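A short worksheet on the structure shown next.
The values are calculated or read from the model by the stated rules, or taken from the named source; none is laboratory data. Model, not experiment: these values are computed from the prediction. So basically every Cβ, Gly included, is an ideal-geometry build from the backbone, and we count neighbours across all protein chains shown. Side chains are part of the model used for accessible areas, which takes the heavy atoms of the whole protein and leaves out ligands, DNA and RNA. Shrake-Rupley method; radii C 1.70, N 1.55, O 1.52, S 1.80 Å.
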Amino acid sequence: MAPLRVLCIHGYRQNATSFREKTGALRKLLKKHVELVYVSAPLSVQQANTEEVADKRNDSAPESGGDEDPRGWWFSDIKARSFNAQQQCEESLGLDESVTAVREAVKDQGPFDGILGFSQGAAFVAMLCSIQEQKLEPTFDFRFAIIVAGFRSACTQHQKFYNSPIQVPSLHVFGLEDRVIPDKMSRELLPSFQDPQVLIHPGGHFVPAASAHRQTYQDFLKRFQ
(Lines give C-alpha, C1' and ligand atoms only; values in the text may rest on other atoms or scores of the structure.)
Protein backbone atom coordinates (compact mmCIF):
# COMPACT_ATOMS: atom_id res chain seq x y z
CA MET A 1 0.00 0.00 0.00
CA ALA A 2 1.47 3.36 -0.99
CA PRO A 3 2.03 5.65 2.00
CA LEU A 4 -0.20 8.68 2.42
CA ARG A 5 1.60 11.91 1.52
CA VAL A 6 1.11 14.68 4.06
CA LEU A 7 2.19 18.32 3.71
CA CYS A 8 3.60 19.63 7.02
CA ILE A 9 3.10 23.26 8.10
CA HIS A 10 5.49 24.34 10.89
CA GLY A 11 4.87 26.65 13.86
CA TYR A 12 5.83 30.30 14.27
CA ARG A 13 9.62 30.82 14.48
CA GLN A 14 10.28 27.41 12.94
CA ASN A 15 11.02 26.39 9.34
CA ALA A 16 10.81 23.22 7.25
CA THR A 17 14.20 21.95 8.48
CA SER A 18 13.65 22.55 12.20
CA PHE A 19 10.10 21.16 12.09
CA ARG A 20 11.33 18.05 10.32
CA GLU A 21 13.85 17.54 13.13
CA LYS A 22 11.25 18.16 15.85
CA THR A 23 8.84 15.63 14.34
CA GLY A 24 11.40 12.84 14.00
CA ALA A 25 9.50 10.70 16.52
CA LEU A 26 6.26 11.16 14.56
CA ARG A 27 7.97 10.20 11.27
CA LYS A 28 9.24 7.04 12.97
CA LEU A 29 5.84 6.26 14.49
CA LEU A 30 4.02 6.54 11.14
CA LYS A 31 6.76 5.63 8.65
CA LYS A 32 5.02 2.56 7.21
CA HIS A 33 1.86 4.51 6.48
CA VAL A 34 2.81 8.14 5.89
CA GLU A 35 5.37 10.25 4.05
CA LEU A 36 5.75 13.70 5.63
CA VAL A 37 6.79 16.56 3.31
CA TYR A 38 7.82 19.90 4.82
CA VAL A 39 7.46 23.47 3.52
CA SER A 40 8.84 26.75 4.95
CA ALA A 41 6.69 29.84 5.50
CA PRO A 42 7.52 32.83 3.27
CA LEU A 43 7.70 35.44 6.05
CA SER A 44 11.04 36.03 7.76
CA VAL A 45 10.74 36.61 11.51
CA GLN A 46 13.08 38.75 13.61
CA GLN A 47 15.22 36.85 16.11
CA ALA A 48 13.48 36.14 19.42
CA ASN A 49 13.87 38.29 22.50
CA THR A 50 14.52 36.60 25.86
CA GLU A 51 10.83 36.44 26.81
CA GLU A 52 9.94 34.54 23.63
CA VAL A 53 12.91 32.21 24.06
CA ALA A 54 11.52 31.30 27.50
CA ASP A 55 8.28 30.37 25.74
CA LYS A 56 10.13 28.03 23.43
CA ARG A 57 11.48 26.00 26.32
CA ASN A 58 8.00 24.58 26.68
CA ASP A 59 8.62 22.79 23.37
CA SER A 60 10.01 19.51 24.64
CA ALA A 61 11.91 18.69 21.45
CA PRO A 62 15.62 19.56 21.52
CA GLU A 63 16.54 22.91 20.02
CA SER A 64 18.54 22.73 16.83
CA GLY A 65 20.25 24.94 14.29
CA GLY A 66 17.21 24.78 12.03
CA ASP A 67 15.58 27.66 13.90
CA GLU A 68 18.35 30.03 12.84
CA ASP A 69 16.03 31.06 9.99
CA PRO A 70 12.76 31.65 11.90
CA ARG A 71 9.68 31.91 9.71
CA GLY A 72 5.99 32.72 10.11
CA TRP A 73 2.69 32.36 8.21
CA TRP A 74 1.19 35.75 9.16
CA PHE A 75 1.85 38.66 11.52
CA SER A 76 -0.81 39.83 13.97
CA ASP A 77 1.14 43.06 14.57
CA ILE A 78 1.67 44.64 11.16
CA LYS A 79 3.99 47.41 12.40
CA ALA A 80 6.23 45.20 14.50
CA ARG A 81 6.03 42.30 12.01
CA SER A 82 5.43 39.95 14.91
CA PHE A 83 2.83 37.38 15.93
CA ASN A 84 1.05 36.48 19.14
CA ALA A 85 -1.79 33.94 19.08
CA GLN A 86 -3.75 35.88 21.73
CA GLN A 87 -3.36 39.31 20.12
CA GLN A 88 -6.61 40.80 18.81
CA CYS A 89 -6.12 42.54 15.47
CA GLU A 90 -8.26 44.00 12.69
CA GLU A 91 -5.92 43.04 9.87
CA SER A 92 -2.97 40.71 9.53
CA LEU A 93 0.04 40.76 7.25
CA GLY A 94 1.35 37.99 5.01
CA LEU A 95 -1.50 35.47 4.81
CA ASP A 96 -1.89 35.81 1.03
CA GLU A 97 1.82 35.12 0.49
CA SER A 98 1.52 32.06 2.70
CA VAL A 99 -1.45 30.69 0.74
CA THR A 100 0.63 31.20 -2.42
CA ALA A 101 3.56 29.30 -0.83
CA VAL A 102 1.28 26.32 -0.08
CA ARG A 103 -0.16 26.46 -3.60
CA GLU A 104 3.40 26.32 -5.02
CA ALA A 105 4.29 23.41 -2.71
CA VAL A 106 1.22 21.50 -3.90
CA LYS A 107 2.13 22.14 -7.54
CA ASP A 108 5.83 21.32 -7.13
CA GLN A 109 5.77 18.50 -4.57
CA GLY A 110 2.17 17.21 -4.61
CA PRO A 111 -0.24 15.67 -4.84
CA PHE A 112 -0.89 15.36 -1.10
CA ASP A 113 -3.49 13.24 0.65
CA GLY A 114 -3.55 15.38 3.76
CA ILE A 115 -2.08 18.33 5.61
CA LEU A 116 -0.64 18.60 9.12
CA GLY A 117 -0.01 21.83 11.04
CA PHE A 118 1.51 22.75 14.39
CA SER A 119 0.66 25.85 16.48
CA GLN A 120 0.44 28.87 14.14
CA GLY A 121 0.75 26.34 11.31
CA ALA A 122 -2.25 24.43 12.73
CA ALA A 123 -4.36 27.60 12.80
CA PHE A 124 -3.25 28.21 9.21
CA VAL A 125 -4.24 24.65 8.21
CA ALA A 126 -7.79 25.33 9.50
CA MET A 127 -7.91 28.40 7.21
CA LEU A 128 -6.54 26.40 4.26
CA CYS A 129 -9.30 23.80 4.78
CA SER A 130 -11.89 26.60 4.74
CA ILE A 131 -10.34 28.04 1.55
CA GLN A 132 -10.49 24.58 -0.02
CA GLU A 133 -14.11 24.11 1.00
CA GLN A 134 -15.13 27.48 -0.44
CA LYS A 135 -13.42 26.39 -3.68
CA LEU A 136 -11.24 29.51 -3.61
CA GLU A 137 -8.09 27.54 -4.42
CA PRO A 138 -8.48 24.86 -7.10
CA THR A 139 -5.08 23.24 -6.37
CA PHE A 140 -6.11 22.34 -2.79
CA ASP A 141 -7.55 18.85 -2.52
CA PHE A 142 -6.65 17.69 0.99
CA ARG A 143 -8.63 14.66 2.13
CA PHE A 144 -7.86 15.20 5.82
CA ALA A 145 -6.15 17.55 8.28
CA ILE A 146 -4.15 16.92 11.46
CA ILE A 147 -4.19 20.02 13.67
CA VAL A 148 -1.69 20.04 16.57
CA ALA A 149 -1.99 22.86 19.16
CA GLY A 150 -4.36 24.69 16.84
CA PHE A 151 -6.50 27.74 17.63
CA ARG A 152 -8.90 30.23 16.07
CA SER A 153 -7.15 33.32 14.78
CA ALA A 154 -8.01 36.40 16.85
CA CYS A 155 -7.77 38.59 13.74
CA THR A 156 -11.06 40.12 12.55
CA GLN A 157 -9.99 39.68 8.92
CA HIS A 158 -9.83 35.88 9.45
CA GLN A 159 -13.29 35.33 10.94
CA LYS A 160 -14.67 34.53 7.48
CA PHE A 161 -12.86 31.18 7.73
CA TYR A 162 -15.09 30.07 10.63
CA ASN A 163 -18.53 30.89 9.26
CA SER A 164 -19.65 27.32 8.64
CA PRO A 165 -18.33 23.99 9.91
CA ILE A 166 -15.47 22.67 7.73
CA GLN A 167 -16.26 19.24 6.28
CA VAL A 168 -12.62 18.12 5.82
CA PRO A 169 -12.09 15.20 8.25
CA SER A 170 -9.84 16.41 11.06
CA LEU A 171 -7.81 15.11 14.00
CA HIS A 172 -7.14 17.76 16.67
CA VAL A 173 -4.19 17.11 18.99
CA PHE A 174 -3.43 19.22 22.05
CA GLY A 175 -1.62 19.05 25.39
CA LEU A 176 -3.06 19.77 28.83
CA GLU A 177 0.23 21.38 29.92
CA ASP A 178 0.62 23.57 26.83
CA ARG A 179 1.40 27.10 28.04
CA VAL A 180 1.98 28.56 24.57
CA ILE A 181 -1.43 27.58 23.14
CA PRO A 182 -3.52 26.61 26.20
CA ASP A 183 -5.85 23.67 25.57
CA LYS A 184 -8.83 26.04 25.99
CA MET A 185 -7.76 27.80 22.77
CA SER A 186 -7.50 24.48 20.92
CA ARG A 187 -10.96 23.45 22.14
CA GLU A 188 -12.41 26.72 20.79
CA LEU A 189 -11.41 25.65 17.26
CA LEU A 190 -13.31 22.33 17.42
CA PRO A 191 -16.79 23.71 16.54
CA SER A 192 -15.34 25.05 13.27
CA PHE A 193 -15.07 21.44 12.04
CA GLN A 194 -17.73 18.83 11.32
CA ASP A 195 -17.23 15.78 13.58
CA PRO A 196 -13.65 16.58 14.69
CA GLN A 197 -11.63 13.75 16.24
CA VAL A 198 -9.58 14.63 19.29
CA LEU A 199 -6.32 13.34 20.80
CA ILE A 200 -5.48 14.93 24.16
CA HIS A 201 -2.07 14.29 25.69
CA PRO A 202 -0.73 15.25 29.15
CA GLY A 203 2.28 17.20 27.82
CA GLY A 204 3.14 20.69 26.58
CA HIS A 205 3.69 22.50 23.29
CA PHE A 206 4.92 19.79 20.92
CA VAL A 207 3.73 17.14 18.46
CA PRO A 208 3.18 14.01 20.58
CA ALA A 209 4.43 10.73 19.14
CA ALA A 210 4.66 8.22 21.97
CA SER A 211 3.59 4.63 21.35
CA ALA A 212 0.44 5.44 23.39
CA HIS A 213 -0.65 7.80 20.59
CA ARG A 214 0.07 5.45 17.67
CA GLN A 215 -3.36 3.83 17.64
CA THR A 216 -5.25 7.13 17.47
CA TYR A 217 -3.13 8.40 14.58
CA GLN A 218 -3.37 5.07 12.73
CA ASP A 219 -7.12 4.69 13.22
CA PHE A 220 -7.65 8.19 11.85
CA LEU A 221 -5.30 7.69 8.87
CA LYS A 222 -6.66 4.22 8.02
CA ARG A 223 -9.81 5.85 6.66
CA PHE A 224 -7.81 7.41 3.83
CA GLN A 225 -5.57 4.52 2.79
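Those residues that are charged (D, E, K, R) and under 22 Å from Gly114 (Cα atoms), I need them from the stretch 147-187; list them, please. Passing the criteria: Arg152, Arg187. Across the stretch 111-131, not a single residue is classified as in contact with an Asp or Glu (Cβ under 6 Å, 6 or more places away or on another chain) and touching a residue at least 60 places away in the same chain (Cβ under 8 Å). If you filter the stretch 157-195 down to residues that are more than 22 Å from Phe206 (Cβ to Cβ) and in a loop (DSSP other than H, G, I, E, B), you find that the one that is least open to solvent (accessible area, probe 1.4 Å) is Val168.
Against the list (1) under 21 Å from Arg5 (Cβ atoms); (2) crowded, with 19+ Cβ neighbours inside 10 Å, the condition Thr139 fails is (2). For first residues located in the stretch 74-92 and within 16 Å of Gln46 (Cβ to Cβ), partners that are in a strand (DSSP E or B) and small (Gly, Ala, Ser) and lie 6+ apart or on another chain with Cβ distances below 7 Å form the pairs Phe75/Ser82; Phe83/Gly72.
Among the residues of the stretch 16-29, those identified as touching a helix residue (DSSP H, G or I) at 6+ places or on another chain (Cβ under 6 Å) and not β-branched (Val, Ile, Thr) are Ser18, Glu21, Leu29. Hey, any hits in the stretch 21-37 for a residue that's open to solvent by less than 40 Å² (accessible area, probe 1.4 Å), in contact with a His (Cβ under 7 Å, 6 or more places away or on another chain) and in contact (Cβ under 8 Å) with a residue 12 or more places away in the chain? Scanning the stretch 21-37 turns up no residue that is open to solvent by less than 40 Å² (accessible area, probe 1.4 Å), in contact with a His (Cβ under 7 Å, 6 or more places away or on another chain) and in contact (Cβ under 8 Å) with a residue 12 or more places away in the chain. When the stretch 70-123 is limited to residues that are more than 24 Å from Tyr217 (Cβ to Cβ) and among the β-branched types (Val, Ile, Thr), the one that is surrounded by the fewest Cβ atoms within 10 Å (Cβ to Cβ) turns out to be Thr100. Taking the conditions (1) assigned to a loop (DSSP other than H, G, I, E, B); (2) of a type outside the set (A, V, I, L, M); (3) modelled with pLDDT of 85 or more in turn, Glu63 satisfies each one other than (3).
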